[in-house]
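Beneath this line is the structure, given in structure tokens, with notes to follow.
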Amino acid sequence: MTTLQNLQMSMINIGDWTIEQQNWLDDHFAAYTHVRQKGDLPTFWICLSKSFLILWPVRKTLWPTMLASRCLTTTDLCLVFEAEKKCKKCIEEYFNNKFKNVTTHVAHIGDWTLEQWDWLVDYSDSYATYLQENQLETFFELLFDDFFDVWPIRQFLWPFMPKDQVLTNAERLTAIGAEEECKLYLMAFFEDSKLF
């Protein structure tokens, strides 16, 4: 196999995560869903990909046997740049696909029951007050806590699961994603509502 073919194969391997890399990415999923809600993903991607590439430099993927002390040629640097660009894209795709998979399971979140609708409407006066005082972040923090006290997300996702059962890592990630999605719907209820 030629050097070029080896490099092409190495480029294909970028985005084919190891268990260690996948666990590292999964550990940042909660932060991703939080930042997604805040609308500051560009900054998140820059910081996350930088941290990832420090831990797993693409240079090692492209040339696993090359000494770290060896200087790269201009052509090598171009290949590193392209590989890093591909890696960043794969990281974004990993998170976006995971988020889609999570929200597919909870597509009915936001279809409020009559009880939930009445409960939310009861908060309309509080919303108007906090809005006037420019304290909506505080309002939503209180609302989220109260809502999930009444309707815990794990009971919504797994109604027959015992309350004391410990969630697996995958279930925990699903619950985090579902909770963040529910928060978006709760915010939309007030921000898009004709009640105010």
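The values are calculated or read from the model by the stated rules, or taken from the named source; none is laboratory data. All figures in this text were calculated on a predicted structure; none of them were measured in a lab. Here the Cβ positions follow ideal geometry from the backbone for every residue, glycine too, while neighbour counts run over all protein chains shown.
Only a single item in (1) more than 27 Å from the chain's Cα centre (by Cα); (2) over 30 Å from Ile153 (Cβ atoms) is not met by Leu55, and it is number (1).
Could you say whether any residue in the stretch 120-138 is closer than 30 Å to Asn97 by Cβ and surrounded by 15 or more Cβ atoms within 10 Å (Cβ to Cβ)? No: zero hits.
Okay, residues lined up against (1) under 30 Å from Ile153 (Cα atoms); (2) polar (S, T, N, Q); (3) surrounded by 11 or more Cβ atoms within 10 Å (Cβ to Cβ):
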| residue | (1), (2), (3) |
| --- | --- |
| Gln22 | yes, yes, yes |
| Leu48 | yes, no, yes |
| Thr65 | no, yes, no |
| Cys87 | no, no, yes |
| Trp117 | yes, no, yes |
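Would you check which residues across the stretch 30-46 are surrounded by fewer than 17 Cβ atoms within 10 Å (Cβ to Cβ) and without any contact (Cβ under 8 Å) to a residue 24 or more places away in the chain and list them? The answer is Ala31, Lys38, Gly39, Asp40, Leu41, Pro42, Thr43, Ile46. Applying the criterion of being at pLDDT 90 or above and exposed (fewer than 12 other Cβ atoms within 10 Å of the Cβ) to the residues of the stretch 147-163, the residue that is nearest to the chain's Cα centre (by Cα) is Asp149. Test each condition in (1) under 30 Å from Thr18 (Cα atoms); (2) modelled with pLDDT under 90; (3) surrounded by fewer than 16 Cβ atoms within 10 Å (Cβ to Cβ) for Thr113 and report the one that comes out false. Of the numbered conditions (1) under 30 Å from Thr18 (Cα atoms); (2) modelled with pLDDT under 90; (3) surrounded by fewer than 16 Cβ atoms within 10 Å (Cβ to Cβ), the odd one out for Thr113 is (1). Evaluated against (1) free of Cβ contacts under 8 Å to residues at least 24 places away in the same chain; (2) farther than 26 Å from Asn97 by Cα; (3) loosely packed, with under 13 Cβ neighbours inside 10 Å, Val166 falls short on exactly one condition, (2).
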